[in-house]
Every structure is written in structure tokens, then in C-alpha cells.
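The values are calculated or read from the model by the stated rules, or taken from the named source; none is laboratory data. These numbers were taken from a predicted model, which means no experiment stands behind them. With ideal geometry, Cβ positions are generated from the backbone for all residues, glycine too; neighbour counts draw on all protein chains shown.
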């Protein structure tokens, strides 16, 4: 009798514990799902915005190069065909998403000193009212904004992995006017290539990272 | 009770006083708080006053003053012997000083150092800031990019005072990049982003309101930066209307900004020219990032305004263009109607068929094809009527006259019409005009009124069967227009362009399967005004003595500008002005009780419900005498005069003897006496008169006739009298007045008998003298006395002497003598008299006859002559 009663009590205890455990599991799953969904949403937003901005900058870089050529006088077409050293590489490196995103960020960062340098050179070459100067300023600011978007994107995906800031940028030595004109055009063209690469990488990251994480969460 | 906090405050004050000993060395009162205070209106303010460095006064000697008013002691709280606090309500908006002071009369020191026993704090009042609401931020497009200027507007809430103004700070945070902040006292501000607009970045925006009484933030807006962008509207808008798609033109435009800034949404709307109602294309039908759109379900041959706008963040302004769709076949019937006018003297009607273009003409109507069917089996050819092609400028459809014809009253007719444009032919419309008097019943209870700038109609449907629709017609002068209403309509407004101040005859026709019923009609104005002119006033007839009939011509219809509700007749004369109001349908009025021979000015005011107009003044003068009055007086006087004359004549006629007796009393002429004369000197002997004595006698009678001859009227009676006289010639008695009577005859007559005495009753028998033996014993004649009858033929009244027998006898004797001894002169005189009398008799026309007869019969008078003595000798002296 007592043994039977004990057995029944135990059985009831086990049923209750099982129910509670199931409830906790469901709550934990739902909570993690909500967090994952939120993160996924954030991921998508950052990728989407970065992608849109990179496209806008690409379009602006085309216009800027036209403006640049138009403001450099004769033989401007030739300037952009000359190769110049010390201009950052436009290619995105890395195999993992984190490496690619970090590469995008560091490459963007590497170009900003060159933009500043080109701006200074063109300030000396152009009239203060030249549209090239304002376009350069706007384009540089837009590029910085892209970098500002990539950083939280990376941090949202890899919050515990610090984002490398990139090494020091080597600016070209003093140049003559021709060299300055050539240098400026090459910087813009190279950056345009970078933007193109960034757009492509972001598109792939959008499908890889954000969906994968969603998938992972679902699996969890 | 003094709270612990107040004690702490007091301690703080003491410490502060010690720290700033320089000031308090000269001042013995200090308050807490010490500086200017910003207070919320409606709250309570508490201040504490403390006595420092003196024992001249205690807390009981302190009092508070707010501006010029001493604060009631009920609001004081004594903290200790050297400190007192007060709590005052903050009510008014104006800033005030709150002073802590000591009573002057406490000691001479206090009295002499009043300034040291006074301390004040300035209270500035206001309200805490209200939460900014409706924050709206925008960045507009500049050329091909978005401006880096970011402007925000918001609405304030709550009140402010000048002492406590509210300031606002606009905060814009570009997440992960930079914060921007700008302050203002107004309700808008703008920030400048560094170098570029932060496309695709997230912005957090809020406005902070703050003043001395606090601060508060608006709701924070966290949105993508592009959601604040307002681009330019689409440009280069073109609408292409294709011939084979007249209802679906194609719309093209250019995007205002590059697609890389984001996908643009579009909104499209269109309306017909002049219409205020836009038709919006459903948003679901418009894709994003498009640059063309094909509109649908537009009307052919119609001018449309099409507009488009885009949205990146905020909607841009609208931009658009105007276009006209291509022509299409008319898709509705022409609007057919008729006018009918009576033809005088004939049993015919003049019918004019008119038509408006179809509502959906879908092009310019070039021709109408008509067919008139007078018999049921008529199968006539279509006639084509060319249309002038003019289009109404006011949007109204042009009315085309299709056919003018005379139609017998009892003959019905049916007209069929189609309209044609360059693309095709419309459906056929037909109209059936019934024989006169056989129309179907009209609508009942038609009411027409003006409201909201329109003419409204209401009616009750007729009882007739097959009612299909109504036609509302309005006519003004020669202008006719109409509109159609469906059979369920009971109330409608005229949609045509009606003019104010114009009288319209509004009719409602019920249409029974194409047959036109009898109309119900009313006259109405869309808007009434005062008449433009007054009526023309005139007098219908010459003015009378006390009345005049005024008439006036009705004001021409186009000058009335409303229904004439009444006429006010004003007339002034003799210093008085009168006013008479008569109904509007009156055209004449008789002014009465006018003064005679007075000039009157009259004018008439014609009034509508909106005002009146005055006619020109018409003047007239009333007559002094009424027509016929003078004639009446003249006739009356004449009749009176004639009456008097007639009465006088009658009086004279009937009382002639009395008159004659009174007016012309007869004085007997002794010489004419016929009494026999006797004289003592001559024997009383009858002598044959040598001459006819008739002349001497007839004189008397002619006198009477003369008297009659005065009046012409009596001439008529003369023949009668003459006859009478003539008839009496032989019958006149003694004393007969007939001028025909002769003495001889009279004598003989008298002799003949007394039966004739009656005929002489009207005459006065002067005397009947009998020759007696003489006067009083005298014996003039020795011969035996012979009785002689002698009688005076005179009609004169008897003299006294005659009346007196004594005298008469004497006179008679004298006469007798006279006859015998007549003076030749007197005889001559008598002859003249006789001649005159004869003439007078001749004039009467009958006396000469007697004379002649007498003269031609001298023998007949022999016997008589013997009885008369010759009187030629005259009187002999007695």
C-alpha cells in the first residue's frame, strides 16, 4: 500500500516536472527565436542599407569621375588610364563572412586618407566654386557613412570579435600637377572598383549570413 | 511646527551670512532664497527672513510685503526669535518683489536705518514648458542630390510668459555617426549635415522644450534618413492620346532623382478641364520606379488635366499637363426637344425641333440626320442637317435647330434624329408630338424656388401610365433650354447657366415613352433685385376737380429684375404728401379727395422683394370746377329765371286787371265821357254828330289792347281774342271791354235786353246815367225832360266823382255839354289819338275791321247817333 502510494506520488511528481520542463523549453525556444529574429532583422537592415548606400556611391563615383575628368582640362581621358602605385587594393579578401566584412571595412578606411589628399590637391588646382570640390566632399562623406554602416553590421553579426581598424595608409610622395591629376583619377577609379566589389560581397553576405543565422536559429 | 528642513535652511542662511559678512555688516535682514526666483503660476512660494547682527528687532517685528501689499500674518510662520517664513500663492503673471521688512517704530536705530532692515527677492512667474508635438522634418532635393540642410517644424503646447520664455532644442542624431543640435525660440529649426545627406542612415530626432521651470522632450522619431526626403516632382510629363485607344492615353515622365537613392512611389490623378473633382488612379495599380503609365476609362474627345507626384520619403508636389483624348463614335443619343408656338387664326402650330449634341458626343458633331414621320407607315428618307460647328464657350451644349414646320393642331408627328461625328453615328433619338388637346396629364404641385444660387423644382408625378422621364424646360424671352430627369426624380435643380434678375418660365413636361405630356409651368427668378426703372406715369383722363385717374405702363420685363409686388403711389400737393400702395398687378388708380385748382406732383415706386425704383414725377392741376358744374349753374339760373319770368307772366296774365288797376289807374277823361252833354245854353237836343264819335270812344278800348301788346307771347292769343271779340261784336253788353264794341252798339245792345249782361261782367260799367231833370233842382232844359240813356264806354275805374252820385250828375252834365261844345283843338287832338289808336288797332289786326264796318254803315248808326250829342263843341263853362 505504502509502496503503491509512494509510486503514485513519484509518478505525479515526474508528470509535473515534465510539464514544467516542457514549458521552460518552449519558453526558451521562443525567447531565443525572438532574439534570433530580432538579430536577423537587424542583420538584414544593415546589409540592406549598406548595399543601397554602396550602389548610390557607385553611381556617384561615376558622376564624380566625369566631373573630375571635365575639370582637369585637356587629356583628361589619359589620366585615368595610367597606373599609379600606393593606391589601396580594391579587392575584398577573406573567405569567411567575418573576414570579408572586416576586409570591406578596412579597405574603405584605407581610402579615406587618399580622398583627403586628392581633395587637398584639387583645392589647389580648382577654383573654390568648382563643383568637383563639393562633389568630392559629399562623396567622401558618403563613403565614410558606408564604413559607419559596415561596422555595426559586423558588430551585430560578431559582437565578440573586434573589428580590425586596418594598418597605416601610405600616401604618395610629393607630385607635380600632372601626377596629382593622374593620382586623383586613379584613386576615384579604384574606389569605384572597391564599391563594386563591396556591393557584390554584400549581396552574397545578405543571402549567406542573415539567412544562415536564421537557419541556425531554427535548427537550435 | 517648524520642520527639520526649515531648520536646515536656517542654518544654511546663517552660514551664508557669515560667509558674506561684508554685506550683512550693513544689512540686518536676509531672505532665503536670496536671488531672483522663477515660479510656476498656480504654485505656492515659501521664503524665510532672518535677522542677523542685531538685537534691535525680533521675529515679531518682521513683516512681508508683496509689491505694495502687506502679506497677511496668517501666512507667516515664526521659526524662532530671529527668523520668520511666509508662504504666498503665485497667481498673477507679472513679476513682483517680495520684501521682508522690520517695523520702524521699534527703536530709533531701526527708524534711522530703514534700508538695513529690508530685504527683497524678485519673483518671476511663468509656466513649465509644454511638450512639442507634431514634429515634422524634411530634406528637399537640390539639383540631382538631396540637400544637407535638414529642417524640422513642431507645434508648441501650453502657455508662456515673457518672464519665463521657453526655448527649444532640435536634436538630430545620425546613429553611429554624429549628433547635431540647434536651439531656437521659435517652432522650427534646421541642422546642416556634414558634407552630405546621410542616405540610408538611421536618424533619431526629438525636440526639447526648456525654460527656468523645467524641460520636456517631444516623442523621439527614429527613421531612415531617406524617409525625410522630399524630392522634386516628376518632370517632362507627356500624355500621348492614340487614335485607336481614345479612352486610354499613355502618360510619360522623368524621375526627379536617380533610382540609386531609392525606389520612388507614384500617385496619378486626372480630371476634365474645369472640374474640381480629381479621379485618382488606385495606388495598387501603380508600380514603383516607373516612368510611364497608361490611363484608362477616360472620355474620348475630352480635355483632361493629368498630374503625377512621387515619394521617396515625403510626397513631392504635383506636376502635370493638359491633354485632349482622341475622338470616338457618339455613344449616346442626341438630346432632342421642340418648341411650339400658336399660329393666329389657323388651326395650326409652328413647331421647331431643336437638339443638343449627345452627352457623350465623343467628338465634334458634324451633322444630324433627321426623319419626320407624320403617318405610322411613312418610310421617308433621312435628311441631313449640317451643324455650324460652333462650340459653346461656357461649357453648355450647343442647341441646333433641326426643323421648322407648321403642324395642324389635330395632327401628330414623330421626329427621329441621329448625330454624326468624324468617327461614327450616335444611337437614334425620337420625339413624338401628340395632337393638340390629346396630351397626357402634367405633373402636379409644381414648386419653383431659388436657393444656393440655383433654381430648384419639386413636383408630384402625374397619374399617367408609361412615364419614362421628365424634361425640365426654362424659357427667357427667345432663349430656351432644357434638361432631362429620370422618372423617379421629384426634386432637382436647373443645371444650366441661369442669370440673375431674369424672369424664367420654368416648365416640367412628363414624357410618356417619347410622347410629350402637358407641361406644368411657373415663373421664377434665380435672383431678384430692385427694378432698374420706375413705371411711366400718366393721367388716363383729364384731372377732375377732386380726383384724377393715374395710369402707368408696366416696366419692361428685362428691367423689372424681380416680381413687382406692389406699387406705391406718392402724390403731393397743397403742402401735403400722400402715399397709397396698390398690388403689383394694378396699372391704374384714381386719386380721390384732391383739392380743387391745385397742382399735384405724383410719382410711383415699383417694388420687388429686393427694393424699389421710382418713376419720374408727373404733374397735373385739378380743375377749379367740376366738368358740367358751370353748365349746371347756367342752366339752373336760366331755368330759375325763366320760371320767375313765367310766373310773372302768369301773374300778369291772371292779375292783369289788378295790376292795371294798381299800376295804371284809369283817370277818367271827362272829355271822353259819353254821358250826354247838356248845357243851359243849348237845348237838350239830339244832334246828329257831324263826325263820327267813334274815335273818341275807341281810344279807351285801344288802351287795353295796347296793354296786351307788351307781351309777345300774348300775340298768339290775339286771334282767339279777336275771334272772341268778333263773336262778341254783336253781343257785347254794357260796359264790354271789347275794343270792337261801339258806343252805338253798346247802347243798342243794352237796349236789346239784359240777357247780354253776363257777357259784360268783366268790364266795369262805369255808369249808367239817366238823364234826369237836372242837377238838384236845376232845370236846364225847359222842354219836357226826355229820358236819355248815356253810358260811358271807358273801362277806366270810376272816379270818386263818378262814384258820388252827386258829382256824377254834375260830371255827366258837363260831359253832355262837352259833346256839344267841343273845342276844335281838342277835337284835333282826339283825332290824332284816334288815328294813333287806329294804327294800334291795325297792328293788332282786327280793330280796323270794326272801324271800317262802322264807317261803311253810317246809316245803321242813325238811331244811335241821335242818342249821342255832338261833342265837338266841347265843354261849356258851367
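Can residue A:112 be described as more than 14 Å from the chain's Cα centre (by Cα), within 14 Å of chain B (Cβ to nearest Cβ) and closer than 25 Å to residue B:179 by Cα? For residue A:112, the condition - more than 14 Å from the chain's Cα centre (by Cα), within 14 Å of chain B (Cβ to nearest Cβ) and closer than 25 Å to residue B:179 by Cα - is met. Among the residues of the range B:151-180, how many are within 14 Å of another protein chain (Cβ to nearest Cβ) and either in contact with a strand residue (DSSP E or B) (Cβ under 7 Å, 6 or more places away or on another chain) or touching a residue at least 24 places away in the same chain (Cβ under 8 Å) (or both)? Selection size over the range B:151-180: 7.
With respect to being under 17 Å from the mean Cα position of the chain (by Cα), assigned to a helix (DSSP H, G or I), within 11 Å of another protein chain (Cβ to nearest Cβ) and farther than 22 Å from residue B:194 by Cβ, residue A:57 falls outside the description.
Within the range B:135-146, does at least one residue satisfy the condition of being touching a strand residue (DSSP E or B) at 6+ places or on another chain (Cβ under 8 Å), assigned to a loop (DSSP other than H, G, I, E, B), under 30 Å from residue A:139 (Cβ atoms) and within 14 Å of chain A (Cβ to nearest Cβ)? No.
For the range B:456-470, a tally of residues being surrounded by 19 or more Cβ atoms within 10 Å (Cβ to Cβ) and either over 20 Å from residue B:430 (Cα atoms) or in contact (Cβ under 8 Å) with a residue 60 or more places away in the chain (or both) returns 3.
Per the listing B:551, B:534, the residue uniquely in a loop (DSSP other than H, G, I, E, B) and under 17 Å from the mean Cα position of the chain (by Cα) is B:534.
Note on the range B:588-597: residues that are part of a loop (DSSP other than H, G, I, E, B) and at pLDDT 90 or above amount to 0. Scanning the range B:181-202 for residues that are under 23 Å from residue B:143 (Cα atoms), within 14 Å of chain A (Cβ to nearest Cβ) and crowded, with 19+ Cβ neighbours inside 10 Å yields B:193, B:196, B:197, B:198, B:199, B:200, B:201.
Just the residues that are within 14 Å of chain A (Cβ to nearest Cβ) and surrounded by 16 or more Cβ atoms within 10 Å (Cβ to Cβ), please, taken from the range B:232-259.
Correct list: B:255, B:257.
Using the structure shown, decide if residue B:630 is part of a helix (DSSP H, G or I), surrounded by 10 or more Cβ atoms within 10 Å (Cβ to Cβ) and under 43 Å from the mean Cα position of the chain (by Cα). Against the criterion (part of a helix (DSSP H, G or I), surrounded by 10 or more Cβ atoms within 10 Å (Cβ to Cβ) and under 43 Å from the mean Cα position of the chain (by Cα)), residue B:630 qualifies.
Quick grid of which residues meet (1) within 26 Å of residue B:197 (Cα to Cα); (2) within 14 Å of chain B (Cβ to nearest Cβ); (3) crowded, with 22+ Cβ neighbours inside 10 Å:
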| residue | (1), (2), (3) |
| --- | --- |
| A:53 | yes, yes, yes |
| A:73 | no, no, no |
| A:94 | no, no, no |
| A:97 | no, no, no |
| A:127 | yes, no, no |
| A:150 | yes, yes, yes |
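The single condition from (1) crowded, with 18+ Cβ neighbours inside 10 Å; (2) more than 14 Å from chain B (Cβ to nearest Cβ) that residue A:141 fails is (2).
If the condition is being assigned to a loop (DSSP other than H, G, I, E, B), touching a helix residue (DSSP H, G or I) at 6+ places or on another chain (Cβ under 7 Å) and surrounded by 13 or more Cβ atoms within 10 Å (Cβ to Cβ), then the range B:24-52 contributes B:27, B:28, B:52.
Filtering the range A:152-188 to residues that are surrounded by 14 or more Cβ atoms within 10 Å (Cβ to Cβ) and either within 14 Å of another protein chain (Cβ to nearest Cβ) or part of a loop (DSSP other than H, G, I, E, B) (or both) leaves A:152, A:153, A:154, A:155, A:156, A:158, A:163, A:166, A:169, A:172, A:175. So for the range A:202-217 (the condition being under 28 Å from residue A:68 (Cβ atoms), within 19 Å of the chain's Cα centre (by Cα) and modelled with pLDDT of 85 or more), does at least one residue qualify? The answer is yes, given that some residue of the range A:202-217 is under 28 Å from residue A:68 (Cβ atoms), within 19 Å of the chain's Cα centre (by Cα) and modelled with pLDDT of 85 or more. Closer than 13 Å to residue A:53 by Cβ and either facing another protein chain (nearest Cβ under 10 Å) or surrounded by fewer than 19 Cβ atoms within 10 Å (Cβ to Cβ) (or both): is that true of residue A:146 in this structure? Taking the combined requirement at face value, the residue satisfies it. Scan the range B:647-674 for residues that are out of contact with any strand residue (DSSP E or B) (no Cβ under 6 Å at 6 or more places or on another chain) and surrounded by 12 or more Cβ atoms within 10 Å (Cβ to Cβ) and the total you get is 17.
Looking across the range A:90-147, the residues that are closer than 18 Å to residue A:166 by Cα and outside any helix (DSSP H, G or I) come down to A:90, A:91, A:92, A:93, A:94, A:95, A:96.
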